[in-house]
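One structure is given here, and the rest of the page talks about it.
Every number here is computed from the coordinates shown, using simple stated rules; none is lab data. Here the structure is a predicted model, which is why all the values come from computation and not from measurement. Don't worry about glycine lacking a Cβ; one is built from the backbone with ideal geometry, like all the others, and counts go over all protein chains shown.
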Amino acid sequence: MDAWCRGDVDLIWQKGRQEFRDFPTMTERLSGQRNRNWIPKIESYLHSGQTYFVVVGAAHMGGPEGLLALLKARGYKIEQL
């Protein structure tokens, strides 16, 4: 809860990863694969000229395959407000 309140998405990701350490295929499917599949849709929102509100679970934000890292790798500037 403290990590969520601080916006520490990497700690949230690490804790989730520990919870599923015995199920790497499930982790990849529920997190990595889903995140990569969402990127084109999120990019279409960003380029649409309209305002969208995208809701995802906190565990999808952090880590090397998290949405923030994937968007940053595509050149987007990430800011935490």
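Brief remarks follow.
- Excluding same-chain neighbours fewer than eight residues apart, the aspartates and glutamates reachable from Lys72 by a Cα-Cα span under 19 Å are Asp8, Asp10, Glu43.
- Likely footprinting exposure, Met61, Met1, fewest C-beta neighbours within 10 Å first: Met1, Met61
- Each peptide in 27-34, 68-75 receives the mean, over its residues, of other Cβ atoms within 10 Å, and ordering these scores from highest gives 27-34, 68-75.
- Taking other Cβ atoms within 10 Å as a rough exposure proxy, Phe20, Phe53 sort from fewest to most as Phe53, Phe20.
- Using θ = phi - 60° in the Karplus curve 6.51 cos²θ - 1.76 cosθ + 1.60, the 3J(HN,Hα) couplings for the stretch 67-81 round to 4, 5, 5, 5, 5, 4, 5, 8, x, 7, 8, 9, 10, 9, 9 Hz; x is entered for Gly and Pro.
- All alpha carbon pair distances within the stretch 2-73 were sorted into 5 Å bins beginning at 0; the resulting P(r) in whole percents reads 3, 16, 25, 23, 17, 10, 4, 1, 0.
- Percentage relative contact order, the chain, counting C-alpha pairs under 8 Å, at least six apart: 35 percent
- From least to most packed, judged by other beta carbons within 10 angstrom and beginning with the fewest, Trp13, Trp38, Trp4 follow the order Trp4, Trp38, Trp13.
- What the phi angles of the stretch 55-65 give under the Karplus curve with 6.51, -1.76 and 1.60, with θ = phi - 60°, is a coupling list of 10, 9, x, 4, 5, 7, 8, x, x, x, 10 Hz, glycine and proline written as x.
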